[in-house]
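Accompanying notes for the structure given below.
The values are calculated or read from the model by the stated rules, or taken from the named source; none is laboratory data. What you see is a predicted model; the values in this text were computed from it and never measured. Cβ placement follows ideal geometry from the backbone for every residue including glycine, while neighbour counts extend to all protein chains displayed. Note: accessible area is taken over every heavy atom of the protein model, side chains too, but ligands, DNA and RNA are not part of it. Shrake-Rupley method; radii C 1.70, N 1.55, O 1.52, S 1.80 Å.
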Amino acid sequence: MNVVLIYGGKSGEHEISLLSCASVIRNISAKHNVSLISISKGGKWYLEDDSVFKEIRNNPEAALCVHENESREVKVSFGCGKDNVFFACGNYIPCDVVFPVLHGTYGEDGTVQGVFEMAGVPFVGCGVLASSAAMDKETTKILLKNAGIPVVPYMCISRSQINSSSLYDKLIEEAIEKLEFPLFVKPCAAGSSDGASLARNKKELSFALMEAFSWDNKVLIEKTIDAREVECSVTGNSVTATSESDCTLLKAYGPGEIVPKHDFYDYDAKYNDPDGAELKIPALLSDDKLDFIREIAKKAYSAINASGLSRVDFFVDRKTGEIYLNEINTIPGFTKISMFPKMCDADGLEYSELIDYLLKEGIENFKAKQSLCTSR
């Protein structure tokens, strides 16, 4: 089929997208005709030359990048059919399905998913609602709590609240009293641990908040749990799953456990340091707890109306054994050391088969939506 891979993006996770997409290029089946669309940090879309795909495919040391060639700028059309959506270099780009290998803002937050929905093109992954809900960690927690799923105790502070010094001081004291040091601080809508830090005292908390607010207008302050970090991969469509379509049925893979060698599983441990963490699949838990985490992962996936894929992250309290759901990542990392493909592979769905599975699920999801009425 004709597959369009989109990577890069106007995001703090731009570089992670380059690594993830390079892995997809090296593992996607040769039976597909693949076109590459890159997005610059400024937000412009470009059609990459076919030589870029061949270089990444054939050279394991080659690094993917965005070539900002104005003559290859991509224009997007709406309502003209899936093969008439992306236009560049005087031609439309053949497209049966889009795989947006994009992380973070303008890629994982529902914005680009809205573009695909309006353009009428099948795509891999969650739709607008699930993407935007999962991107905002406060919204995720509200939905999960409503579904009866335990989350880490937290407070959320918005930029409007910190503009008042008296209100800011009151909220800080409330957070310290309610959650106690050490506190974990992170932006509500950022990924890959961008802007996240650990605060052990009031001074560190002030700096942590400044850093987090440089990434987002809402910030979470969470109780720090002395926890084991466990993740579970989920695929399928939580809304249209039927026994007739193997692609849409919900499936959980893993769980796997992350044993960080840094203070926490930060950006460097995830992407830069190959020895930044040990990955254990399956997690070192009892069979009952492994089954419980799989079921809760699927329940959380359904709570946000997810489809395609997500990585569901958990904390397991070392002292009490209590399990908290930390967050849901709707376009998880796809690098060679990423947990999502590793967990799928450990359960028998190897990388290239996983890509095929996701492409088919995206098309099935598109067909299900196309069958719905949009006018009287």
## Note on the structure
Only helices counted: for the chain, with every DSSP H run of 4 or more residues adding -39500 (n - 2.57) and the sum spread over all residues, [θ] at 222 nm is -10500 deg cm²/dmol
### Task
Take the Cα of residue 57, step 7 Å along the line toward its Cβ, and report every residue of the range 107-142 whose backbone nitrogen sits under 11 Å from that point.
none
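With every protein chain kept in place and ligands, DNA and RNA left out, what is the accessible area per residue of the chain? Probe 1.4 Å, answer in Å².
That works out to 44 Å² per residue.
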### Message
Using the crude model of +1 on Lys and Arg Cβ and -1 on Asp and Glu Cβ, and no other charge, please compute the dipole size for the chain relative to its Cα centre, in debye to 20.
### Response
740 debye
### Message
Considering just Cα atoms, how many Å³ per residue does the convex hull of the chain enclose?
### Response
153 Å³
#### Entry: Stretchable slack from residue 178 to residue 217, in nm (0.36 nm times residue separation minus alpha-carbon distance)
11.8 nm
### Task
Mind giving me the nanometre distance, one decimal, between the label points for residue 249 and residue 33, set 7 Å out from Cα along Cα→Cβ?
3.3 nm
### Message
If you consider only alpha-carbon coordinates, what radius of gyration and Dmax does the range 1-56 have, in Å?
### Response
11.1, 33
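For the range 102-214, what is the Kirkwood hydrodynamic radius in Å, using each pair of distinct C-alpha atoms? Don't skip to the answer; put the middle values down first.
Details: mean 1/r = 0.0633 Å⁻¹.
Computed over the range 102-214, the radius equals 15.8 Å.
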### Message
Need the full-extension length gain, residue 160 to residue 206, defined as separation in residues times 0.36 nm minus the C-alpha distance. One decimal, nm.
### Response
14.9 nm
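Considering only protein heavy atoms and a 1.4 Å probe, what is the carbon-and-sulfur percentage of the accessible area of the range 297-343?
43 percent
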### Message
Compute the orientation-averaged projected area for the range 39-153 from the convex hull of its Cα atoms and round it to one decimal in nm².
### Response
9.7 nm²
